[in-house]
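The structure appears below as C-alpha cells.
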Amino acid sequence: MGTTLAFVGAYNLAGALKDNPDDYTAAFAQYEEKMRPVVGVAQNLPLNGKHMVYMHPETAWGIWMFHLFIRLLMLFKPVMMLLFKWKGPPANKVSFEDYGFEPLLDTPV
C-alpha cells in the first residue's frame, strides 16, 4: 500500500497545485482532503504500525525464525495467497479524480 500511497499522493498533489496555482494553502488543504480517506484505510490495515515489529527482528534468533517463517510460507503458496488477499485492498481499488492532465507527447496513448 506504500507505493500506492506514494503515486496517488503525487497525483493528487499535482492536481491540487494545478487547481490552485496561486494559493498553496488551498492546494495543500485540497490535497489533505483527497488523501485523508486513502491514508486512513492504509493506517488501519492489519500488517501496519505496532504489528510490524515482528517483521523486523533485531536478534540473530529472531532473524533465523523470520527466515524460517518465510521459507515455510513459500512451501504453502495457497496460504501465502490468502495472506496477500487479507492484507489490504489492491491498488486498483483506490479511486482518484481526473484532473485533466495532458499526456506526454512521446507517450503512446
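If the condition is being over 19 Å from Val39 (Cα atoms) and surrounded by 13 or more Cβ atoms within 10 Å (Cβ to Cβ), then the range 1-19 contributes Leu17, Asp19. Check whether at least one residue in the range 20-34 is under 14 Å from Leu5 (Cα atoms), surrounded by 13 or more Cβ atoms within 10 Å (Cβ to Cβ) and at pLDDT below 80, and report yes or no. Taking every residue of the range 20-34 in turn, none turns out to be under 14 Å from Leu5 (Cα atoms), surrounded by 13 or more Cβ atoms within 10 Å (Cβ to Cβ) and at pLDDT below 80.
The values are calculated or read from the model by the stated rules, or taken from the named source; none is laboratory data. Just so we're clear, the structure is a prediction, and the values are computed from it rather than from any experiment. Cβ sites come from the backbone with ideal geometry, for glycine too, and all protein chains shown count toward neighbours.
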